[in-house]
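S.K.: Input: one structure, supplied below.
The values are calculated or read from the model by the stated rules, or taken from the named source; none is laboratory data. All figures in this text were calculated on a predicted structure; none of them were measured in a lab. For neighbour counting, all protein chains shown are included, and Cβ atoms are generated from backbone atoms with ideal geometry for every residue, glycine included.
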Ligand code: AMP
Ligand code: MG
């Protein structure tokens with residue numbers, strides 16, 4: 001199975017400062033690590049930039065352990081093993097937001113999708129395969145949110161239901177990371193969590209941050225010009241396998257049980273709320289251009305849809321420039 005991550009970085013499990021230099025008394029630095037199955041890059045400027053980057057790396061380790069459904073320990077592992085687990089307030093908030101997106105997307109987005117992810121083999125370290133029709137039908141029946149029970153003493157999932165926060169965890173990480181940057185009085189920073197970009201603060205020259213959006217083939221098809229925000233992209237090219245010459249990706253339609261197929265290559269959401277942007281990028285991809293566009297609009301976020309023919313469609317008037325329009 002191909003993943004969006006460059007294999008070269010797999011060995012870099014440690015927190016690794018790449019460049020560190022001084023601008024006045026303010027340290028400018030870049031850091032690189034491999035966490036949450038993703039190549040992580042953090043760069044920014046601030047006296048305590050290194051401390052902030054270290055704390056963000058620790059946060060990502062913690063999220064990976066507790067919220068990754070492929071982890072063999074931590075909160076989601078316990079939950080999916082049938083145990084009742086305590087629900088911290090910020091995770092409860094993320095689940096609440098996920099439920100709101102599920103309702104408004106008519107179930108195209110659903111954190112209870114895990115049984116389907118498992119049979120398609122989109123779990124860590126597994127190679128994908130097309131399941132039998134009967135397997136798909138059984139897994140679809142298990143995607144039932146009434147199996148999730150939340151009360152004051154915690155959360156549990158019953159009757160074979162399982163949850164996966166893969167579509168929102170990096171967005172949640174973005175929001176928590178911003179709090180860390182603020183705590184350490186970082187002047188400005190760019191965090192790249194592989195498809196989830198956080199821009200923070202103000203650049204010293206007052207210009208916009210420029211975030212490139214991948215075309216899925218190693219290039220950039222558009223640039224987003226923005227202030228402090230989150231730019232989150234979901235694309236079928238991020239994780240997929242091929243069988244009998246056909247490509248199957250990891251963004252699954254909980255209604256049909258198959259990878260969403262609607263002519264889209266990717267959806268990018270721009271919003272200050274990283275968790276929402278992450279949930280919506282997945283939801284809009286599964287819904288397709290028309291319904292996905294309406295969903296993005298209903299949440300008041302900006303969105304950029306790219307279809308397989310290279311056509312671009314936007315919602316909310318984002319400030320973008322297409323690579324094809326760039327002057328040399
Ligand atoms: P993202 O890259 O944010 O779009 O998230 C992709 C991940 O979300 C997948 O690897 C799955 O773990 C999970 N996922 C796939 N399909 C869905 C869906 N329809 N609803 C919610 N989560 C999904
Ligand atoms: Mg997402």
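S.K.: Going by the conditions given, is residue 111 touching a helix residue (DSSP H, G or I) at 6+ places or on another chain (Cβ under 9 Å) and either within 24 Å of residue 259 (Cα to Cα) or more than 11 Å from ligand 1 (Cβ to nearest atom) (or both)?
M.R.: Judged against the criteria, residue 111 is a match.
S.K.: If you don't mind, another one. With (1) at pLDDT 95 or above; (2) under 19 Å from residue 111 (Cα atoms); (3) within 12 Å of ligand 1 (Cβ to nearest atom) as the list, and residue 268 as the residue in question, which single condition is left unmet?
M.R.: Going through the list (1) at pLDDT 95 or above; (2) under 19 Å from residue 111 (Cα atoms); (3) within 12 Å of ligand 1 (Cβ to nearest atom), residue 268 breaks only (2).
S.K.: Got a number for residues in the range 263-283 being over 16 Å from residue 216 (Cβ atoms) and either buried (at least 23 other Cβ atoms within 10 Å of the Cβ) or within 12 Å of ligand 2 (Cβ to nearest atom) (or both)?
M.R.: Qualifying residue count for the region: 11.
S.K.: What about residue 102, is it modelled with pLDDT of 95 or more and touching a helix residue (DSSP H, G or I) at 6+ places or on another chain (Cβ under 8 Å)?
M.R.: Here the answer is yes, as residue 102 does meet what is asked.
S.K.: Is it the case that residue 144 is at pLDDT below 95 and within 29 Å of residue 290 (Cβ to Cβ)?
M.R.: Yes.
S.K.: Testing residue 247 on (1) in contact with a strand residue (DSSP E or B) (Cβ under 8 Å, 6 or more places away or on another chain); (2) away from ligand 1 (no atom under 13 Å from the Cβ); (3) modelled with pLDDT of 95 or more, one condition comes back false. Which one is that?
M.R.: With respect to (1) in contact with a strand residue (DSSP E or B) (Cβ under 8 Å, 6 or more places away or on another chain); (2) away from ligand 1 (no atom under 13 Å from the Cβ); (3) modelled with pLDDT of 95 or more, residue 247 is out only on (3).
S.K.: Please specify each residue of the range 209-227 satisfying the condition of being surrounded by 15 or more Cβ atoms within 10 Å (Cβ to Cβ) and assigned to a loop (DSSP other than H, G, I, E, B).
M.R.: Those that are surrounded by 15 or more Cβ atoms within 10 Å (Cβ to Cβ) and assigned to a loop (DSSP other than H, G, I, E, B): 215, 216.
S.K.: Could you tell me whether any residue of the range 220-235 is out of contact with any strand residue (DSSP E or B) (no Cβ under 8 Å at 6 or more places or on another chain) and either touching a residue at least 24 places away in the same chain (Cβ under 8 Å) or within 16 Å of ligand 2 (Cβ to nearest atom) (or both)?
M.R.: Within the range 220-235 (the criterion being out of contact with any strand residue (DSSP E or B) (no Cβ under 8 Å at 6 or more places or on another chain) and either touching a residue at least 24 places away in the same chain (Cβ under 8 Å) or within 16 Å of ligand 2 (Cβ to nearest atom) (or both)), the answer is no, since none of the residues qualifies.
S.K.: Let me ask another. What are the residues in the range 224-263 that are more than 17 Å from residue 288 (Cβ to Cβ) and within 13 Å of the chain's Cα centre (by Cα), if any?
M.R.: Correct list: 230, 231, 232, 238, 239.
S.K.: When you look at residue 186, is it touching a strand residue (DSSP E or B) at 6+ places or on another chain (Cβ under 7 Å), in a loop (DSSP other than H, G, I, E, B) and at pLDDT 95 or above, yes or no?
M.R.: Here the answer is yes, as residue 186 does meet what is asked.
S.K.: Moving to a separate point now. Report, by residue number, each residue of the range 296-318 that is assigned to a helix (DSSP H, G or I) and touching a strand residue (DSSP E or B) at 6+ places or on another chain (Cβ under 9 Å).
M.R.: 296, 297
S.K.: Here is a further query. Give the residues of the range 239-262 that are within 16 Å of ligand 2 (Cβ to nearest atom) and closer than 18 Å to residue 111 by Cβ, sorted by residue number.
M.R.: Result: 239, 250, 251, 252, 253, 254, 259, 260.
S.K.: Can you find, within the range 61-90, the residue that is surrounded by the fewest Cβ atoms within 10 Å (Cβ to Cβ) among those that are in contact (Cβ under 8 Å) with a residue 60 or more places away in the chain and within 16 Å of ligand 1 (Cβ to nearest atom)?
M.R.: Residue satisfying both the conditions and the ranking: 80.
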